[in-house]
Amino acid sequence: MSSLTPHIKTKAQALGFDLVGMAAAFPHPDFSFFRQWIQDGHFGTMEYLKRTLEKRANPQTLLPKAQSIICVGLSYPASSPRSFERDEKNRGWISNYAWGLDYHDIMKPRLHLLANWIRGQTSSEEKFYCGVDTSPLLERSYATRAGLGWIGKNTMLLHPKRGSFFFIGFILTTLPLTYDSPLPDRCGTCSACLNICPTQALTPHHLDAKRCIAYLTLEHKGDIEDPDLRKKMGTYLAGCDLCQEVCPWNQKENLAHEKNLAARPLLSCPSLKDLKKWDKKIFETYTAGTPLAWVGFKKWQRNLKIALENSQESGDAFLSSCCPEGGVPSKAENRHPRKGDISTT
Ligand code: B12
Ligand code: SF4
Ligand code: SF4
């Protein structure tokens, strides 16, 4: 059955995936990093990570008798100029990953197409499970095992040709396949990502999510009280790209070709003054179908309030009128769980 492997790779590329590799689906030793990370409390309020801790120990909890994992990468466009090259302090920043359509909605249907195609080449007994982001699987660790890149000091999976601006998806399967080899770590003595992080969230290969602007803007439940962190969040409204933007492996030409991930005009570097006018309806209209829709209006307002504090744009009227609950998002607006990953068994 391993003779099918190169054909699966060709099919994955034909479906638009930029990277594809295969790995054995047995438990990954990185689980001990994950467990320690949870025990040390670095997950902040992302309780779903703690809740699903044990499930991450073994992919067979997602698909019994899984033998192999097919890992894919889909590149997304990175902005030029970079977020730190903005010359106006009155503009907010939305992370590159959220500029286009929701990557889950782009990748999952294609993974199902791939799984169905493989099923057509094999016995109907074979089982498949497709996932992007939301499943309890150590995605970066398995993608590393499948040869999609190495884990950089900023904790991102990096590929020598593709850099780190790509999403990961996977198919677990009961099929035996031919496996790829991991790539060597090419960070060397570089520490650009560690140095630029405004909140000192990074130590090599390790992130304290509680200090990360991506976490604070996208995932954190409740207000952000620490005045030092609030200040360091600058005018980032959703996510943060800094530790990727400075990485030497991301300075090459960005090879993203997926049109659905191209920026919606209003989402790239928006004027804070304009954003003050957005009510819930406008927010929902402009963000429909993008990853920003997950953030929800209340978190968005909390983030905008902080961005206004940190900008030269006067936010006084906005601050006193728009955040009756102090900008604290309701539980229902938080990210996980959302549409679950789907088993096609
Ligand atoms: C929780 C989460 C977050 C959290 C925590 C991130 C983190 N670094 O832990 C927050 C909200 C901060 C976040 C932010 C972002 N995220 Co996120 N996130 C996840 C999620 C759901 C789980 C990650 C996790 O388990 N973290 C806990 C830590 C311990 O695990 P880990 O970082 O994956 O590290 C693994 C390995 O590196 C290894 N390991 C860890 N430490 C060490 C040390 C050594 C020495 C070694 C050898 C190995 C090792 O073991 C770990 C367990 O597998 C994954 C999807 C998934 N199911 O995996 C997406 C995922 C990691 N996120 C992704 C993205 C795109 C982002 C952002 C870029 C979005 C943005 N622009 O704002 C930022 C990047 C910030 C950053 N520097 O990581 C992509 C990353 C793609 C890539 N090329 O790496 C993923 C894979 C989603 C996807 N399917 O595409 N994210
Ligand atoms: S995403 Fe931003 S805040 Fe988070 S680790 Fe990277 S540079 Fe630091
Ligand atoms: S900036 Fe340097 S240290 Fe950080 S991930 Fe990139 S190469 Fe590695």
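Sorting the segments 136-149, 206-219 by their mean number of nearby beta carbons within 10 angstrom, highest to lowest, gives 136-149, 206-219.
Over 18 Å between Cα atoms: which of 210/299; 9/259; 11/252; 50/299; 55/210; 161/252 fall into that group? Exceeds cut-off: 9/259; 11/252; 50/299; 55/210. Expressed as an acute angle from 0 to 90° and rounded to the nearest 10, what is the orientation of the C-alpha long axis of helix 5-14 relative to the principal long axis of the chain? The angle comes out near 40 degrees.
A viscosity of 0.890 mPa s and a temperature of 25 °C, combined with the Kirkwood radius over Cα pairs in Stokes-Einstein, give a translational diffusion coefficient for segment 225-273 of 178 µm²/s.
Quick one: Debye curve from the alpha-carbon atoms of segment 61-120 only, equal weights, vacuum; give me log10 I(q)/I(0) at q = 0.17, 0.22 Å⁻¹ to two decimals. Cα-only, vacuum Debye calculation for segment 61-120: -0.76, -1.00. Under the convention that each Lys and Arg Cβ holds +1 and each Asp and Glu Cβ holds -1, the size of the dipole of segment 192-330 around its Cα centre is about 260 debye. Under a Gaussian network description of the chain, with springs only between Cα atoms under 10 Å, the residue in 90, 58, 116 that fluctuates furthest is 116. One compactness figure for segment 70-204 is 1.25, namely its Cα radius of gyration divided by 2.2 N^0.38 Å.
The Cα atoms of segment 29-94 cover 53, 30, 18 Å along the three principal axes, with the biggest extent listed first. Could you tell me which of rounded, prolate or oblate describes segment 1-160, using a ≥ b ≥ c as the square roots of the eigenvalues of the alpha-carbon gyration tensor, with rounded for a/c under 1.5 and, failing that, prolate when a/b is larger than b/c and oblate otherwise? It is oblate, given that a/c is not under 1.5 and a/b is not larger than b/c.
Look at the dipole of the chain built from charges on Cβ: of 118, 207, 177, the Cα furthest out on the positive end belongs to 118. For segment 192-330, the fraction of alpha-carbon pairs lying more than 24 Å apart is 35 percent, rounded to a whole number. Extension gain for residue 47-residue 282 works out to 81.6 nm (0.36 nm per residue, less the C-alpha to C-alpha distance). The length gained by stretching the chain between residue 54 and residue 116 to full extension, at 0.36 nm per residue less their Cα-Cα distance, is 19.4 nm. Secondary-structure-derived ellipticity at 222 nm for the chain, considering helices only, amounts to -8000 deg cm²/dmol, per-run term -39500 (n - 2.57) for DSSP H runs with n ≥ 4. When every Cα-Cα distance of segment 129-228 is counted in 5 angstrom steps from zero, the calculated P(r) takes the values 2, 11, 18, 20, 19, 14, 8, 6, 2, 1, 0 percent. Given Cα positions, please report Rg to Rh for the chain, the hydrodynamic radius being the Kirkwood one. Ratio of gyration radius to Kirkwood radius: 0.97.
Normalised by 2.2 N^0.38 Å, where N is the number of residues, the C-alpha radius of gyration of segment 105-145 stands at 1.31. Helix 297-310 and the longest principal axis of the Cα set of the chain meet at an angle near 50°.
Basic side chains Lys and Arg get +1 at the Cβ, acidic Asp and Glu get -1 at the Cβ, and with that the dipole of the chain about its Cα centre reaches some 380 debye. For the options 52, 178, 285, a Gaussian network treatment of the chain with springs between C-alpha atoms closer than 10 Å singles out 285 as fluctuating the most. Ordering 197, 291, 254 by Cα displacement along the dipole of segment 192-330 toward the positive end leaves 291 in first place; charges were set at the Cβ atoms of Lys, Arg (+1) and Asp, Glu (-1).
Equivalent ellipsoid of segment 18-62: semi-axes from √(5λ) of the C-alpha gyration tensor, largest first, are 23, 13, 11 Å. Taking every alpha-carbon pair under 8 Å whose residues sit at least 6 apart, segment 192-330 reaches a relative contact order of 30 percent. Rounded to the nearest 20 debye, the dipole size of segment 11-53 about its Cα centre is 140 debye, using +1 on the Cβ of Lys and Arg and -1 on the Cβ of Asp and Glu.
Where a number appears in this text, it was derived from the coordinates with a stated rule and is not lab data. Quantities reported herein were computed from a predicted structural model and do not represent experimental measurements. Please note: Cβ atoms are built from the backbone with ideal geometry, for glycine as well, and neighbour counts cover all protein chains shown.
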